[in-house]
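Can you read through this structure? Questions will come right after.
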Amino acid sequence: MRNEMSSPSTTDGFHLVVDALKLNGIETIFGLAGIPITDLARLAQAEGLRYIGFRHEQSAGNAAAIAGYLTRKPGICLTVSAPGFLNGMVALANATTNGFPMIQISGSSDRAIVDLQQGDYEELDQMNAAKPYAKAAFRVNKPEDIGIGVARAIHAAVSGRPGGVYLDLTAEVLGATLDTDAAARSLVRLVEPAPRCIPDSESIKRALDLLASAQRPLIILGKGAAYAQADDAIRSFVETTGIPYLPMSMAKGLLPDNHEQSAATARSFVLAQADVVMLIGARLNWLLAHGKGPQWSPITRFVQVDISPTEIDSNRPIAAPVVADIGSAMSAFLAMLKPGQIQPKAAWLDAIAERKQRNTERMAAHLNATPEPMDFYSALRAIRDVLADKPYIYLVNEGANTLDIGRNIIDMNQPRKRLDSGTWGVMGIGMGYAIGAAVVSGQPVVAVEGDSAFGFSGMEIETICRYHLPITVVVFNNGGIYRGDDVNRSESADPSPTALMRGARYDKLIEAFDGTGNHVTDPRSLTKALTDAVASGKPALINCVIDPTAGTESGHLQNLNPQSQVGNGKRD
Ligand code: ADP
Ligand code: TZD
Ligand code: MG
């Protein structure tokens, strides 16, 4: 609290920010230093907070967001004014979209100059720029309001549906001095940052009645269910009712992927056939085709368990909404469920089992093939097998084919271990998520990255090496966005828009920072390199060469590409 630089009875804004964060259990700051927050980062470190310094604010923000998702405490991202602030905004917006609690704290320039647009160093009206992308945005204009500002930011980030919050701290407020006693009195320790949201028992009864009436019930678990950390209650409800379930990608591992009630390998079949679907912390957004169209039955009725009341009826009418936090909702379901009340019909379970077997056999044909060069399947099979007996490892996954095929092949056996592009399908989360997960968990992380995807945050390899983090990056190097064999359809000598450098040696990048690089061209070498890298606990990057012709344009999202009316850029 006390600032040794000033008189014994005064403190300043820098100290007050650190005190306010510590008082509320914040242990880590992810950021990038510069005017006016350099001393804030130094002071935080001196006062026992862990400070992780990045090469780009977007990665710092992504690390903070995933730290928030994993810990249910807001991840803190610290940025400088204007450009640093804007670099962090993509991560803040991504956190809001995904429902991850984070707070971006940014220093800002002199308000009087900014508001008259008189051209200050790094001038930008940051709070108003942040508003459309944040769950909430606040500015602290008086040093005695720092405690309240931090409290409001934490409440907004973690209560209800979590999200990204912007907190603007002017340089003037940071540097201001104030009386130590008054400063201490201005701090706020939050009593209940994320209050429970207890469901109305009528809503639970309505939902149970609907499920009991179903011929072909299905549960869909989303990342809200993973975030809720109500793992035992969710598993107990799924197992007691016997209802088959589908995990959305970041809900994989909430129940182990080899659970007999998992319908993941019969996904299209169950979506099209189910007559009652219970959504638990999953939105009916594009990832579920909005609950409409050929993927879905028009007669399906829905139960939706969600903490956000405005999510209900967002895409299709919800017959049985349950507005509650998932922990409270699942406890209420278990308490009100009568023995034998819900018993899915044997014909439904048999049909799913049959479809699962057929699809598993089809997948086995891909996985057992040994093509040369390696394709996505043979490489992912090697990774799956190395990770199979290490369920504690965090898996980060981004790319197009690398993501879509990886999601289906790599099983997860523990909750919240799979971290991926999520609701936006965004590229660039890779190294930030890997660093955030490694820092807050102390566990090893394996990041399986498309070569394009890796490029968005690749310079953070230096950060990984500087902090000696147990992260292994596997770059699926197929020489391009989706594929490496696309050709320029004009007469110029430039590469195609989706091309990346053929034969790029990403492994040499990490060697520049004293990490271990590996270059592999077959599954056996990949197995060895990954096994050794994970065992070493040290930073490693495996450049994994994949057949440039193996991928599909846009991965599994081909249907979202608008069709060109003029021949896909080809000359007549
Ligand atoms: P997925 O992408 O896995 O389908 P989404 O991000 O679309 O999942 O949906 C997550 C949903 O979970 C959001 O609508 C959010 O409001 C909700 N949610 C988040 N945390 C909780 C919680 N603790 N209790 C209930 N609902 C939650
Ligand atoms: N920019 C951002 C921020 N997010 C995006 N999703 C994209 C661009 C577009 N995009 C995708 O949707 S996937 C992808 C891009 C550029 C990269 C796919 O190439 P890859 O993966 O090398 O990462 P595969 O395995 O070659 O398909
Ligand atoms: Mg690629």
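The values are calculated or read from the model by the stated rules, or taken from the named source; none is laboratory data. Quick caveat, the model's predicted, so the values are computed rather than measured. Methodologically, a virtual Cβ is constructed for each residue, glycine included, from the backbone with ideal geometry; neighbour enumeration extends over all protein chains shown.
May I ask you to verify whether ARG416 is crowded, with 20+ Cβ neighbours inside 10 Å, more than 24 Å from VAL90 (Cα to Cα) and basic (Lys, Arg)?
no
Please find, among ALA320, ALA329, ALA353, ALA346, the residue that is over 22 Å from GLN215 (Cα atoms) and either of a type in the set (Phe, Trp, Tyr) or away from ligand 2 (no atom under 16 Å from the Cβ) (or both).
Of ALA320, ALA329, ALA353, ALA346, the one residue that is over 22 Å from GLN215 (Cα atoms) and either of a type in the set (Phe, Trp, Tyr) or away from ligand 2 (no atom under 16 Å from the Cβ) (or both) is ALA329.
Pull out all pairs, ordered by first then second residue, where Cβ-Cβ is under 6 Å, the residues are six or more apart or on different chains, the first lies in the range 535-555 and is at pLDDT below 95, and the second is within 16 Å of ligand 1 (Cβ to nearest atom) and outside any loop (DSSP other than H, G, I, E, B).
Qualifying pairs under 6 Å: GLY555/ASP404.
Can you tell me which residue within the range 447-479, out of those that are within 14 Å of ligand 3 (Cβ to nearest atom) and of a type in the set (Gly, Ala, Ser), is surrounded by the most Cβ atoms within 10 Å (Cβ to Cβ)?
It comes out as GLY450.
List the residue pairs whose Cβ atoms are under 7 Å apart, where the first residue sits in the range 232-260 and is at positive phi, the second is more than 16 Å from ligand 3 (Cβ to nearest atom) and outside any loop (DSSP other than H, G, I, E, B), and the two are 6 or more positions apart or on different chains.
Going by the 7 Å Cβ cut-off, the qualifying pairs are GLY253/ARG418.
Condition first: of a type outside the set (Gly, Ala, Ser) and within 8 Å of ligand 2 (Cβ to nearest atom). Now tell me which residues in the range 452-468 satisfy that.
Residues satisfying the conditions are PHE454, PHE456.
Among the β-branched types (Val, Ile, Thr), more than 27 Å from ASN477 (Cβ to Cβ) and assigned to a loop (DSSP other than H, G, I, E, B), is that true of ILE342?
Against the criterion (among the β-branched types (Val, Ile, Thr), more than 27 Å from ASN477 (Cβ to Cβ) and assigned to a loop (DSSP other than H, G, I, E, B)), ILE342 qualifies.
Sticking with this one: Considering only residues that are surrounded by fewer than 19 Cβ atoms within 10 Å (Cβ to Cβ) and closer than 15 Å to LEU218 by Cα, which ones fall in the range 302-332?
ALA319
Within the range 126-154, which residues are more than 21 Å from ALA184 (Cβ to Cβ) and not aromatic (Phe, Trp, Tyr)?
Correct list: GLN126, MET127, ASN128, ALA129, ALA130, LYS131, PRO132, ALA134, LYS135, ALA136, ALA137, ARG139.
Follow-up. Can you find a residue in the range 274-286 that is crowded, with 17+ Cβ neighbours inside 10 Å and in a helix (DSSP H, G or I)?
No, there is no match, as no residue in the range 274-286 is crowded, with 17+ Cβ neighbours inside 10 Å and in a helix (DSSP H, G or I).
Can I ask one more? Starting from the range 398-415, take each residue that is under 20 Å from THR360 (Cβ atoms) and list its partners that are among the basic types (Lys, Arg) and part of a loop (DSSP other than H, G, I, E, B), counting only C-beta distances under 7 angstrom and pairs at least six apart or across chains.
Sorted first by the residue in the range 398-415, then by its partner, the pairs are MET412/LYS252.
Does ARG381 count as among the basic types (Lys, Arg), in a helix (DSSP H, G or I), within 16 Å of ligand 2 (Cβ to nearest atom) and within 23 Å of SER457 (Cβ to Cβ)?
For ARG381, the condition - among the basic types (Lys, Arg), in a helix (DSSP H, G or I), within 16 Å of ligand 2 (Cβ to nearest atom) and within 23 Å of SER457 (Cβ to Cβ) - is not met.
Now a separate question. Looking at the range 164-185 only, could you name the residues that are out of contact with any strand residue (DSSP E or B) (no Cβ under 8 Å at 6 or more places or on another chain) and either free of Cβ contacts under 8 Å to residues at least 24 places away in the same chain or over 21 Å from SER108 (Cα atoms) (or both)?
Across the range 164-185, the qualifying residues are ASP181, ALA182, ALA184, ARG185.
Identify all residues within the range 390-400 that are within 16 Å of ligand 1 (Cβ to nearest atom) and either under 18 Å from THR527 (Cβ atoms) or part of a loop (DSSP other than H, G, I, E, B) (or both); write none if there are none.
The answer is LEU395, and nothing else.
To continue, here is another question. With respect to VAL165, determine if the residue is surrounded by 24 or more Cβ atoms within 10 Å (Cβ to Cβ) and either of a type in the set (D, E, K, R) or within 20 Å of MET89 (Cα to Cα) (or both).
So VAL165 passes the test.
Within the range 225-232, is even one residue away from ligand 1 (no atom under 14 Å from the Cβ), polar (S, T, N, Q) and surrounded by fewer than 24 Cβ atoms within 10 Å (Cβ to Cβ)?
For the range 225-232, residues away from ligand 1 (no atom under 14 Å from the Cβ), polar (S, T, N, Q) and surrounded by fewer than 24 Cβ atoms within 10 Å (Cβ to Cβ): absent.
Could you pull out every one of the helices (runs of 4 or more DSSP H) wholly within the range 401-510 that has 3 or more residues that are closer than 22 Å to THR521 by Cα?
Here the list reads 401-409, 451-455.
Do we find that LEU116 is in contact with a strand residue (DSSP E or B) (Cβ under 9 Å, 6 or more places away or on another chain) and more than 25 Å from GLY224 (Cβ to Cβ) in this structure?
no
If you take the residues of the range 419-444 that are touching a Gly at 6+ places or on another chain (Cβ under 9 Å), hydrophobic (A, V, I, L, M, F, W, C) and under 21 Å from PRO391 (Cβ atoms), which of them is nearest to ligand 3 (Cβ to nearest atom)?
LEU419
Look through the range 469-490, keep the residues that are in contact (Cβ under 8 Å) with a residue 24 or more places away in the chain and over 28 Å from the mean Cα position of the chain (by Cα), and return whichever of them is farthest from ligand 2 (Cβ to nearest atom).
SER490
Residues checked against (1) in contact with a Cys (Cβ under 8 Å, 6 or more places away or on another chain); (2) in a helix (DSSP H, G or I); (3) modelled with pLDDT of 95 or more:
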site	(1), (2), (3)
ASN87	no, yes, yes
VAL90	no, yes, yes
ASN94	no, yes, yes
THR97	no, yes, yes
ILE103	yes, no, yes
GLU123	no, no, no
PRO132	no, yes, yes
ILE146	no, yes, yes
PRO162	no, no, yes
